[in-house]
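The values are calculated or read from the model by the stated rules, or taken from the named source; none is laboratory data. The model shown is predicted, which means the values in this text are computed figures rather than measured ones. Glycine also receives a Cβ, built like all others from the backbone with ideal geometry; neighbour counts cover every protein chain displayed.
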Amino acid sequence: MGILHLQDVSHIYFSTKSRTPALFDINLSLKEGEFISIIGPSGCGKSTLLSIISGLIIPTKGTVTLDGETVKPGNKKTGYMLQQDYLFPWKTIEENIFLGLKLNNRLNESTKIRTLSLLEKMGLQGVEKKYPTELSGGMRQRVALVRTLATEPKLLLLDEPFSALDFQTKLKLEDLVFQTLKQFQKTAILVTHDIGEALAMSDRIYLLTNRPGTVSQVFEVPKELRDLLPFDVRNHPLFNEWFQLIWKELENLEK
């Protein structure tokens, strides 16, 4: 059953002197539990699209519905995870992961226990009273993921969440995030410049054109890859074949 639907979504940025088309006629549907990636040339509107899906930006044209409702500003059904963890350095890890629940007036003993349990499942037991500066970059991103999942969002938006990490940490986090989202049957959209990352984690990959971004192609990732952990996907014989296919299409768009 479809949980997210974008119909003919276009967006133009206006200023006093100009109009800049960012997106044009984006149509996209996502079923519950699916993981899709959005890739494309730099400046093609990938992050703008995530902002529209989250309700941070109202599209110039078109409709976005999530869980049967039109997405509006203040939408609480979406969780957003960014390249930087944006943890408050003056708050403990425990205070940081409870923040979303507190803002939504949902902080109680039950939600506290569930969120601390999630922190433990992320391999972060014993860090509750520490501060963000005492943790590594990879640990901080795991804390950010816990904070995002604590509010039980219907849809998780990931805007290049691994790009600031070293390659080894990035690979480990890909597996951890993938397993966590599958375990909790979360629906997710990843924006990335990394074709390998998109291929390793996704059920489907949307390739956008140069600005104004529109859907150029949709790649259905083979089932043989979808059933594997991201690290194992990268070592599968099909990985390089599909990587080259997507790379060539992206290269053609950038010419």
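Taking the condition assigned by TED's automatic domain parsing to the domain that holds Thr148, surrounded by fewer than 16 Cβ atoms within 10 Å (Cβ to Cβ) and closer than 19 Å to Thr180 by Cα, does Arg114 pass?
Working: assigned by TED's automatic domain parsing to the domain that holds Thr148: yes; surrounded by fewer than 16 Cβ atoms within 10 Å (Cβ to Cβ): yes; closer than 19 Å to Thr180 by Cα: yes.
So Arg114 passes the test.
Is it fair to say Phe219 is closer than 26 Å to Asp175 by Cα, aromatic (Phe, Trp, Tyr), under 23 Å from the mean Cα position of the chain (by Cα) and surrounded by 16 or more Cβ atoms within 10 Å (Cβ to Cβ)? Full working, then the answer.
Details: closer than 26 Å to Asp175 by Cα: yes; aromatic (Phe, Trp, Tyr): yes; under 23 Å from the mean Cα position of the chain (by Cα): yes; surrounded by 16 or more Cβ atoms within 10 Å (Cβ to Cβ): yes.
Here the answer is yes, as Phe219 does meet what is asked.
Can you tell me which of (1) in the same structural domain as Phe178 (by TED's automatic domain parsing); (2) surrounded by fewer than 18 Cβ atoms within 10 Å (Cβ to Cβ); (3) touching a residue at least 40 places away in the same chain (Cβ under 8 Å) is the one Tyr131 doesn't meet?
Among (1) in the same structural domain as Phe178 (by TED's automatic domain parsing); (2) surrounded by fewer than 18 Cβ atoms within 10 Å (Cβ to Cβ); (3) touching a residue at least 40 places away in the same chain (Cβ under 8 Å), the lone unmet condition for Tyr131 is (1).
Residues in the range 193-211 that are surrounded by fewer than 23 Cβ atoms within 10 Å (Cβ to Cβ) and assigned to a loop (DSSP other than H, G, I, E, B): how many?
6
Please verify whether Gln183 is assigned by TED's automatic domain parsing to the domain that holds Glu251, within 11 Å of Ile38 (Cα to Cα) and more than 16 Å from the chain's Cα centre (by Cα), treating the condition exactly as stated. Please lay out each step first, then the result.
Numbers: assigned by TED's automatic domain parsing to the domain that holds Glu251: yes; within 11 Å of Ile38 (Cα to Cα): no; more than 16 Å from the chain's Cα centre (by Cα): yes.
Judged against the criteria, Gln183 is not a match.
What number goes with the only condition from (1) outside any strand (DSSP E or B); (2) within 13 Å of the chain's Cα centre (by Cα); (3) assigned by TED's automatic domain parsing to the domain that holds Thr70 that Phe231 does not pass?
That leaves (2) as the condition not met.
For the range 222-236, state whether one or more residues are at pLDDT 95 or above and within 22 Å of Pro41 (Cβ to Cβ).
Within the range 222-236 (the criterion being at pLDDT 95 or above and within 22 Å of Pro41 (Cβ to Cβ)), the answer is no, since none of the residues qualifies.
Looking at the range 164-171, is at least one residue without any contact (Cβ under 8 Å) to a residue 12 or more places away in the chain, polar (S, T, N, Q), assigned to a helix (DSSP H, G or I) and loosely packed, with under 15 Cβ neighbours inside 10 Å?
Checking the range 164-171: at least one residue is without any contact (Cβ under 8 Å) to a residue 12 or more places away in the chain, polar (S, T, N, Q), assigned to a helix (DSSP H, G or I) and loosely packed, with under 15 Cβ neighbours inside 10 Å.
So which of Asp194, Asp203, Asp166 is within 30 Å of Ile12 (Cβ to Cβ), of a type outside the set (Ser, Thr, Tyr) and either assigned by TED's automatic domain parsing to the domain that holds Ser51 or in contact with a Leu (Cβ under 7 Å, 6 or more places away or on another chain) (or both)?
Values: Asp203 fails: within 30 Å of Ile12 (Cβ to Cβ); Asp166 fails: within 30 Å of Ile12 (Cβ to Cβ).
From the options Asp194, Asp203, Asp166, the qualifying one is Asp194.
Suppose we filter the range 233-252 for residues that are surrounded by 15 or more Cβ atoms within 10 Å (Cβ to Cβ) and either touching a Pro at 6+ places or on another chain (Cβ under 8 Å) or among the hydroxyl-bearing types (Ser, Thr, Tyr) (or both); how many remain?
Going through the range 233-252 one residue at a time, the tally reaches 2.
How about the range 78-109: which of its residues are closer than 21 Å to Asp166 by Cβ and among the aromatic types (Phe, Trp, Tyr)? Quick ask: steps written out before the conclusion?
Filtering the range 78-109 down to residues closer than 21 Å to Asp166 by Cβ leaves 81-87.
Matches in the range 78-109: Tyr86 only.
Among the numbered criteria (1) surrounded by fewer than 18 Cβ atoms within 10 Å (Cβ to Cβ); (2) touching a helix residue (DSSP H, G or I) at 6+ places or on another chain (Cβ under 9 Å), which single criterion is violated by Asn75?
Exception for Asn75: condition (1).
Restricting the range 134-162 to residues that are out of contact with any helix residue (DSSP H, G or I) (no Cβ under 8 Å at 6 or more places or on another chain) and part of a loop (DSSP other than H, G, I, E, B), which is surrounded by the most Cβ atoms within 10 Å (Cβ to Cβ)?
Pro153
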